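Here the structure is laid out as structure tokens; the discussion comes afterwards.
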Amino acid sequence: MRGFYRAAMEGTAAAPDGRPGLLNVVDVEATCWAGQPPPGAVSEIIEIGLPVVDLRARVRVGRHRLLVRPARSTVSAFCTELTGLTQAEAETGVSFAEACRALAREHDAGRRPWASWGDYDRRQFVRQCRATAVPCPFGHAPERTHTDAKAVFTAAYGLSRKPGMARALGLAGLPLEGRHHRGDDDAWNIAALVLDLAGRGAWPA
């Protein structure tokens, strides 16, 4: 599949779908602009980062990346500066429909719980699935299996305001690995924050 790679991390292989206690951590990057989008253009997912967390073993057991080819927009210079992704790279990706099928097929997205930093990723999937008539890979009611890791972190650390991912890593004493605003790197870092929360007994059962 174009634009898709898998890498087992931390010395473990990707866990089988049926193992209990697995959590998909999702971070997406989408086409964006410094100001308003060009006429006729809409923000579309161009990258999906997805590490798998084994909440029982307290480890990240898989790291995955999926590039998605935009259909109604292009990658702007502003977007490239922010994410590092180029239009040429995005064009090597799969269609949004195939990306959603891959999430369901490869990562059991319709049944496995999932998390993201904030609610943007869930809302972007819902919007884009509705606009393209593509079945949502996280099921008909994706909010039922979704956890907002930012909200959990804010409550666990007793903060008055929800922090960005980079600030949360600093508060937790964790390094920022890779490039911020790169889907696979951000998702990997969010997975580390999930494990920090699980270690504190703050991750919802």
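The values are calculated or read from the model by the stated rules, or taken from the named source; none is laboratory data. From a predicted model like this one, the values you see are computed outputs, not experimental measurements. Quick reminder, even Gly has a Cβ in these numbers, built from the backbone with ideal geometry, and neighbours come from all protein chains shown. Side chains included, ligands, DNA and RNA excluded: accessible areas come from the protein's heavy atoms. Shrake-Rupley method; radii C 1.70, N 1.55, O 1.52, S 1.80 Å.
The table for this structure:
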{"item": "Qualifying residue in the range 53-70 (condition: over 14 Å from the mean Cα position of the chain (by Cα) and more than 30 Å from ALA198 (Cα to Cα))", "result": "yes"}
{"item": "Residues satisfying the stated conditions in the range 38-49, i.e. in contact (Cβ under 8 Å) with a residue 40 or more places away in the chain and either part of a loop (DSSP other than H, G, I, E, B) or open to solvent by 10 Å² or more (accessible area, probe 1.4 Å) (or both)", "result": "VAL42, SER43, GLU44"}
{"item": "Selection count where residues are assigned to a loop (DSSP other than H, G, I, E, B) and touching a residue at least 40 places away in the same chain (Cβ under 8 Å), scope the range 50-68", "result": "2"}
{"item": "Enumeration of residues in the range 119-162 that are aliphatic (A, V, I, L, M) and either in contact (Cβ under 8 Å) with a residue 40 or more places away in the chain or in contact with a strand residue (DSSP E or B) (Cβ under 8 Å, 6 or more places away or on another chain) (or both)", "result": "ALA131, ALA149, VAL152, ALA155, ALA156"}
{"item": "Scan of the range 168-205 for residues that are of a type outside the set (A, V, I, L, M) and farther than 24 Å from THR80 by Cβ, ordered by number", "result": "GLY170, GLY173, PRO175, ASP196, GLY199, ARG200, GLY201, TRP203, PRO204"}
{"item": "Unmet requirement for VAL52, which otherwise passes all of (1) more than 20 Å from HIS180 (Cβ to Cβ); (2) surrounded by fewer than 22 Cβ atoms within 10 Å (Cβ to Cβ)", "result": "(2)"}
{"item": "Selection status of ARG69, of a type in the set (Lys, Arg) and touching a strand residue (DSSP E or B) at 6+ places or on another chain (Cβ under 8 Å)", "result": "yes"}
{"item": "Matching residues in the range 167-188 - criterion: being open to solvent by less than 60 Å² (accessible area, probe 1.4 Å), part of a helix (DSSP H, G or I) and not aliphatic (A, V, I, L, M)", "result": "GLY170, GLY183, ASP184, ASP185, ASP186, TRP188"}
